[in-house]
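The values are calculated or read from the model by the stated rules, or taken from the named source; none is laboratory data. Given the structure is predicted, the values throughout are model-derived calculations rather than measurements. FYI the Cβ positions are ideal-geometry reconstructions off the backbone, even for glycines, and counts take in every protein chain you see.
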Amino acid sequence: MPAARITGPSALGGSRRRFLYLAATLAITEFKLRFFGSVLGYLWQLVRPLMLFAVLYFVFTKFVKIGGSVPHYPVLLLANIVLYTFFADGTGAVSSMVDREGLVRKIQFPRMAVPVSVVLTASFNLVLNMLVVLGFALASGVEPRWSWLEAPFLIALLAVLVVGLAMLLSALYVRFRDIKPIWEVVLQVAFYATPIIYAIETIDVSQRIREGIMLSPLAAILQQFRHAVIDPSAPSAAAAAGGSARLLIPAAVVIGVAALGFWYFDREAPRMAEDL
Amino acid sequence: MSEASPAIHVKDVTKEFVLPHERVHTLKERALHPFRRTGSDVLRALADVNFEVPEGEFFGIVGRNGSGKSTLLKCLAGIYRVDRGEIRMRGRLSTFIELGVGFNPDLAARDNVLINGIMLGLSPREALRRFDAIIEFAELEDFVDLKLKNYSSGMQVRLAFSVMSHVDADVLLIDEVLAVGDAAFQQKCFDVFHRLRDEGKTILFVTHDMGAVARFCDRAMLLERGRIEVIGAPELVGARYVQRNFERAQPEDQPPGDEDRVGDRSAEIVDAWFEHDGRRNDVLPQGEECVFRMRLRFATELDNPICAFLLEDERHHPLFAISNEDAGAITGTHGPGDEAVFGVTFRNVFAPGRIYATPWMLHDGGAPIVDRRPRLVTAIVTGLHRSGGLVDLPATASYDRMSERAEA
């Protein structure tokens, strides 16, 4: 048995397997906690987006009537809300390192397991919610198409973005405690700056602004999801952005955020136990 | 596994903490005062610590609060990164730090055991397989489905200790497990220590209980301000620790004021003190030769004054009194301005704890009082042995059977 050098904590902790076990176990226990933690359990996870959906649907089809002309608007709205909920829940990892202070200060383990587990929990939710969306879509007359196969790829892309943000934000929050309120504001802005409750082609703004919105990776992913899954007649992300080449920007943002998040978390991991 | 390479090898380890005077916590503070220099102190928690622990050794780490014990353990556990130096360790590590392993209060025992088992290096399947044994050891069979937040602190510690002792580690780092838990659990800990010892595990054990150090440890180490003060036999380290502890405690417990001072002051007791090891000392190791001295200054002519001192314990029990007459020392005639020192050498047989000395001086014949300064001096008697009495007299015991029994 060779003597191993103890170098202190790190993001992945030397052992990939332990990292995976730990991230998965933390995510599953957290999910179970939400599932069995209250009387209605998982229903609450579903009720939240559904209520938001019901309210928005009512407002935007009965009063504001921006949904009327959009094909399959209810399905689009629900799918968007579900995807956005995943984005918001996953990046809710912002306070995860601080919340797990008890663990971080007492045991050496791959630190990155903590924010990743939060994203995993959010993705379990996403999968269940997506089943609801699927049922709703089929019931509403959306026809299955081969382009549905794009959906897992788009969700994976979104997940990469969310993991990157989760790592970046959770590591920043250890040092700067106002990251959390700032991020909550950003999430709120993102909700309205992204075509979630409206369809990109229906809003009364210049073409430049429409194309600008598509530079956000969240908007581009949601737009492409709509085109591929719900309504093939809706503009694809490339069309809405004004050319495939312009999609390189949101793609670069996703990769950049993921790389930055990993780099920063990896850099901060050894000192987190002291900075908490 | 060769004997030559130790299980734990710590070389020149230094760990410093930067303690800012004013912690910048928010971006706003950063933005508003970008150039404000927040002063900071560097706290050197560990300074050039070097030691090795051979495989299978039970190694005690003692030290006062803030001496760096926990920092050292956290560096060994890989929770802190060392600033300088190197730590090498052989085999799987299990830790019990700061009273536990960090449970999630909202989860039941099963999930917490699973998470902590994985953190300590088990696979999920291994962790689940050991769950029953862990719960049984912790005696929590009836509380398996209870959330951890509803556990008493003693139950949580039992569970944490049980997890850490069930992960098949080769090296165990244990911090202050004996500080909590009832007598039955402490006994259980001791049983585990014995078992782990027999299995040849390497154990680092941080405690304030010198009895436990003497009982279990093969060797021990005393840390003081981040440095190794002494490393060696547990008894030696324990004695030094007790001594150190009281040396520092001293300034906070100055002897009471001089209000009760009485006498006609035809001579004064200007100073009094204990000596040990040939110098003034207020720490007196039990069993060793100690001296009490008082310095006198005469204001008038005085013939054959009587000098005496009385020792008391914390509860004002008189322990011992002696005068120059009892000891056969003659004082003689003194004039104004004369000075003298009266000393008593005695073997320190007192029980560990604080003692107080009252020096006094009387006119020839026993009255009136010249000067009496109650409880002027105090000292700490240090020792590991505590018989419960006021003194620990050197004693031998014998037992002789007076009749033979019929069968062999």
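Test each condition in (1) at the interface with chain A (Cβ under 7 Å from one of its Cβ atoms); (2) buried (at least 17 other Cβ atoms within 10 Å of the Cβ); (3) touching a helix residue (DSSP H, G or I) at 6+ places or on another chain (Cβ under 8 Å) for B:Arg88 and report the one that comes out false.
(3)
Can you name the residue in region B:320-341 that is surrounded by 13 or more Cβ atoms within 10 Å (Cβ to Cβ) and among the hydroxyl-bearing types (Ser, Thr, Tyr) and, of all such residues, is modelled with the highest pLDDT?
It comes out as B:Ser323.
Can you tell me which condition A:Lys106 does not meet? The list is (1) at pLDDT below 90; (2) part of a helix (DSSP H, G or I); (3) crowded, with 23+ Cβ neighbours inside 10 Å, and all the others hold.
All conditions pass for A:Lys106, except number (2).
Which of the residues belonging to region B:149-189 are within 19 Å of B:Asp111 (Cα to Cα), touching a residue at least 60 places away in the same chain (Cβ under 8 Å) and assigned to a loop (DSSP other than H, G, I, E, B)?
B:Ser165, B:Val167
Test A:Leu20 against the criterion of being in a helix (DSSP H, G or I), facing another protein chain (nearest Cβ under 9 Å) and at pLDDT 75 or above, and give yes or no.
no
Which of the helices (runs of 4 or more DSSP H) contained wholly in region A:216-276 include at least 3 residues that are surrounded by 15 or more Cβ atoms within 10 Å (Cβ to Cβ) and hydrophobic (A, V, I, L, M, F, W, C)?
Because the criterion is at least 3 residues that are surrounded by 15 or more Cβ atoms within 10 Å (Cβ to Cβ) and hydrophobic (A, V, I, L, M, F, W, C), the helices (runs of 4 or more DSSP H) in region A:216-276 that meet it are A:217-225, A:237-241, A:248-268.
Using the structure shown, decide if B:Ser67 is out of contact with any His (no Cβ under 8 Å at 6 or more places or on another chain), within 19 Å of B:Thr202 (Cα to Cα) and either assigned to a loop (DSSP other than H, G, I, E, B) or more than 7 Å from chain A (Cβ to nearest Cβ) (or both).
No; evaluated as a whole, the condition is false for this residue.
Being within 27 Å of the chain's Cα centre (by Cα) and assigned to a loop (DSSP other than H, G, I, E, B) is the filter here; which residues of region B:342-375 pass it?
Passing the criteria: B:Asn348, B:Val349, B:Ala351, B:Pro352, B:Arg375.
Filter region B:14-26 down to the residues that are at pLDDT 70 or above and facing another protein chain (nearest Cβ under 10 Å) and list them by number.
Across region B:14-26, the qualifying residues are B:Lys15, B:Phe17, B:Val18.
Inspect region A:111-122 for any residue being surrounded by 23 or more Cβ atoms within 10 Å (Cβ to Cβ) and over 18 Å from the mean Cα position of the chain (by Cα) and give the result as yes or no.
Yes, because at least one residue in region A:111-122 is surrounded by 23 or more Cβ atoms within 10 Å (Cβ to Cβ) and over 18 Å from the mean Cα position of the chain (by Cα).
Looking at B:Gly100 and the list (1) facing chain A (nearest Cβ under 9 Å); (2) assigned to a helix (DSSP H, G or I); (3) modelled with pLDDT under 85, which single condition is not satisfied?
The single condition B:Gly100 does not satisfy is (2).
Inspect all residues belonging to region B:369-391 and state whether any of them is free of Cβ contacts under 8 Å to residues at least 60 places away in the same chain and in contact with a Pro (Cβ under 9 Å, 6 or more places away or on another chain). Full working, then the answer.
First, the residues of region B:369-391 that are free of Cβ contacts under 8 Å to residues at least 60 places away in the same chain: B:386-389.
Now restrict to residues that are in contact with a Pro (Cβ under 9 Å, 6 or more places away or on another chain): B:386.
Checked region B:369-391: at least one residue is free of Cβ contacts under 8 Å to residues at least 60 places away in the same chain and in contact with a Pro (Cβ under 9 Å, 6 or more places away or on another chain).
A:Trp44 passes all but one of (1) at the interface with chain B (Cβ under 10 Å from one of its Cβ atoms); (2) among the aromatic types (Phe, Trp, Tyr); (3) surrounded by fewer than 21 Cβ atoms within 10 Å (Cβ to Cβ); which number fails?
Exception for A:Trp44: condition (1).
Going through region B:72-85 one residue at a time, which ones are more than 8 Å from every other protein chain (Cβ to nearest Cβ) and either among the acidic types (Asp, Glu) or surrounded by 24 or more Cβ atoms within 10 Å (Cβ to Cβ) (or both)?
Answer for region B:72-85, where residues must be more than 8 Å from every other protein chain (Cβ to nearest Cβ) and either among the acidic types (Asp, Glu) or surrounded by 24 or more Cβ atoms within 10 Å (Cβ to Cβ) (or both): B:Leu72, B:Asp83.
I'm trying to understand the selection: among the residues of region B:118-134, which are touching a helix residue (DSSP H, G or I) at 6+ places or on another chain (Cβ under 6 Å) and either assigned to a loop (DSSP other than H, G, I, E, B) or more than 9 Å from chain A (Cβ to nearest Cβ) (or both)? I'd like the intermediate steps shown before the answer.
Step one: filter region B:118-134 for residues touching a helix residue (DSSP H, G or I) at 6+ places or on another chain (Cβ under 6 Å), giving B:118, B:124, B:127, B:131, B:134.
Selection gives B:Phe131, B:Ile134.
Please determine, by comparing only the residues of region B:198-223 that are surrounded by fewer than 17 Cβ atoms within 10 Å (Cβ to Cβ) and within 24 Å of B:Met89 (Cβ to Cβ), which one is nearest to the chain's Cα centre (by Cα).
Looking at the filtered set, the residue picked out is B:Asp218.
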